[in-house]
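K.L.:
Pasting a structure below so you can have a look.
The values are calculated or read from the model by the stated rules, or taken from the named source; none is laboratory data. From a predicted model like this one, the values you see are computed outputs, not experimental measurements. Quick reminder, even Gly has a Cβ in these numbers, built from the backbone with ideal geometry, and neighbours come from all protein chains shown. Just the protein is used for accessible areas: all its heavy atoms, side chains included, with ligands, DNA and RNA removed. Shrake-Rupley method; radii C 1.70, N 1.55, O 1.52, S 1.80 Å.
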Amino acid sequence: MPGLFGSGSTTSATNVPDWIKDPSVRQIQRAEDMQKVGYMPWHGPDIAAFNPTQMAAMQQNIGAAEAFGLQQPGTLTAAQGMPEATTYADGTQGYSGMPMYEQAKAEWAASAPTDAERYNALFS
């Protein structure tokens, strides 16, 4: 005796046209290729360095403070505490966070080598 909803079965198929299937296959392959590329941080300057005019103005401010007894002479310079700016190929001077990023990455790899290896394997 047949069940309440019948005993038959149906099969259906969908044919994806080539005009959409071929680009989709290429896009999936491209995505798989792209996932092998790791994080690509900016290697250039993140912030500009002070130019000579700015440095001179700051130094003159310090000189004025020294002249009026607000600063002990010779104990402060405008560039004091500043790292050396990097000069890039076009003459631009600036500072980059890349050295700190590289240092942090190396410290992480040293403290968690298995995790670093697993992470790096995602992009090979």
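K.L.:
Label-point separation (nm) for residue 36 and residue 101, each offset 7 Å from Cα along Cα-to-Cβ?
P.N.:
Label at residue 36, label at residue 101, 2.3 nm between them.
K.L.:
Return the FRET efficiency for the residue pair residue 71, residue 46: r is the Cβ-Cβ distance, R0 is 25 Å, and the value is rounded to the nearest 0.05.
P.N.:
Using R0 = 25 Å, I get an efficiency of 0.25.
K.L.:
Let me ask another. If you place +1 on the Cβ of every Lys and Arg and -1 on the Cβ of every Asp and Glu, how big does the dipole about the Cα centre of the chain come out, in debye to the nearest 20?
P.N.:
380
K.L.:
Still on this structure, please answer the following. Using a 1.4 Å probe over the heavy atoms of the protein chains, calculate the carbon and sulfur portion of the accessible area of the chain as a whole percent.
P.N.:
Result for the chain: 59 percent of the exposed heavy-atom area is carbon or sulfur.
K.L.:
In Å², what does the accessible area per residue of the range 33-124 work out to with a 1.4 Å probe?
P.N.:
78
K.L.:
Follow-up question, since we're still on this one. Just to verify a number: FRET efficiency for residue 119 and residue 55, C-beta to C-beta distance, R0 = 30 Å, to 0.05?
P.N.:
Step by step, r from the Cβ atoms, then E = 0.10.
K.L.:
Considering only 61, 91, 108, whose Cα is most displaced toward the positive end of the charge dipole of the chain, charges sitting on Cβ of Lys, Arg (+1) and Asp, Glu (-1)?
P.N.:
108
K.L.:
Oh, and also: Give me the Å³ per residue figure for the convex hull around the C-alpha atoms of the chain.
P.N.:
Once divided by residue count, the hull of the chain is 339 Å³.
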